[in-house]
Amino acid sequence: MTTLYGIPNCDTVKRARDWLATHGVAHEFHDFKKAGVPAGRLKAWVDAAGWERVLNRKGTTWRKLDAAQQAAVVDAASAQALMREQASVIKRPVVEWDDGRITVGFDADDWQARL
């Protein structure tokens with residue numbers, strides 16, 4: 001089963017969920033706000049996509065961090081610690097496809113190629 005991880009009020013997550021439904025892709029939704037960030041899965045995402053891709057440095061949550069918090073993120077371990085602490089700093093959505101592949105962010109063309 002495909003699992004989409006994110007925050008329900010995120011516009012990109014909404015578009016991604018709509019895209020999956022429109023294309024008949026059965027999936028589960030994991031809400032970071034209610035269920036938290038699964039620690040074991042976070043490591044898998046970072047291993048698959050790289051911490052620089054999983055960490056959203058363009059979002060509001062990142063911009064609200066003080067300079068010291070931002071500067072402290074220097075590697076996969078420090079990035080994962082921040083992402084566990086503040087799930088909103090994870091680029092959304094993260095999708096674990098039913099074939100085991102992992103994508104970060106929404107790209108309709110890439111997703112269409114997966115079908």
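Tell me, please, whether a residue that is modelled with pLDDT of 95 or more, under 12 Å from the mean Cα position of the chain (by Cα), polar (S, T, N, Q) and surrounded by fewer than 16 Cβ atoms within 10 Å (Cβ to Cβ) can be found in the stretch 6-19.
yes
Counting only residues that are without any contact (Cβ under 8 Å) to a residue 40 or more places away in the chain and surrounded by 15 or more Cβ atoms within 10 Å (Cβ to Cβ), which one in the stretch 32-55 is farthest from Ala77 (Cα to Cα)? Before the answer, list the steps.
Quick first cut of the stretch 32-55, residues without any contact (Cβ under 8 Å) to a residue 40 or more places away in the chain only: 34-35, 38, 40, 43, 46-47, 50-52, 55.
Checking the rest, the ones that are also surrounded by 15 or more Cβ atoms within 10 Å (Cβ to Cβ) come to 38, 46, 51, 55.
Details: Pro38: 15, Val46: 10, Trp51: 9, Leu55: 12 Å.
Per the stated criteria, the residue is Pro38.
Would you be able to say whether some residue in the stretch 71-79 is crowded, with 16+ Cβ neighbours inside 10 Å, touching a strand residue (DSSP E or B) at 6+ places or on another chain (Cβ under 6 Å) and not hydroxyl-bearing (Ser, Thr, Tyr)? Please lay out each step first, then the result.
So in the stretch 71-79, the residues crowded, with 16+ Cβ neighbours inside 10 Å come out as 73, 76, 79.
Then keep just the ones that are touching a strand residue (DSSP E or B) at 6+ places or on another chain (Cβ under 6 Å); that gives 79.
Applying the additional criterion that residues be not hydroxyl-bearing (Ser, Thr, Tyr) yields 79.
Yes: one or more hits.
Can you tell me how many residues within the stretch 82-99 are loosely packed, with under 13 Cβ neighbours inside 10 Å and under 15 Å from the mean Cα position of the chain (by Cα)?
1
What are the residues in the stretch 1-49 that are within 14 Å of Val94 (Cβ to Cβ) and aromatic (Phe, Trp, Tyr), if any?
Within the stretch 1-49, Tyr5, Phe29, Phe32, Trp45 qualify.
So Lys14 fits all but one of (1) under 20 Å from Asp107 (Cβ atoms); (2) not in a helix (DSSP H, G or I); what number is the exception?
If we test Lys14 against (1) under 20 Å from Asp107 (Cβ atoms); (2) not in a helix (DSSP H, G or I), just (2) comes out false.
Quickly run through the stretch 71-112 and pick out the residues that are of a type outside the set (D, E, K, R), in a helix (DSSP H, G or I) and within 16 Å of Ala21 (Cα to Cα).
Our first condition is that a residue be of a type outside the set (D, E, K, R); within the stretch 71-112, this holds for 71-74, 76-83, 86-90, 93-95, 97, 100, 102-106, 108, 111-112.
Filter once more, so that each one left must be in a helix (DSSP H, G or I): 71, 76-83, 87-89, 108, 111-112.
Selection gives Ala108, Trp111, Gln112.
The values are calculated or read from the model by the stated rules, or taken from the named source; none is laboratory data. Worth saying up front: this structure is predicted, and the values here are computed from it rather than measured. Here Cβ is always computed from backbone atoms with ideal geometry, including for glycine, and neighbour counts include all displayed protein chains.
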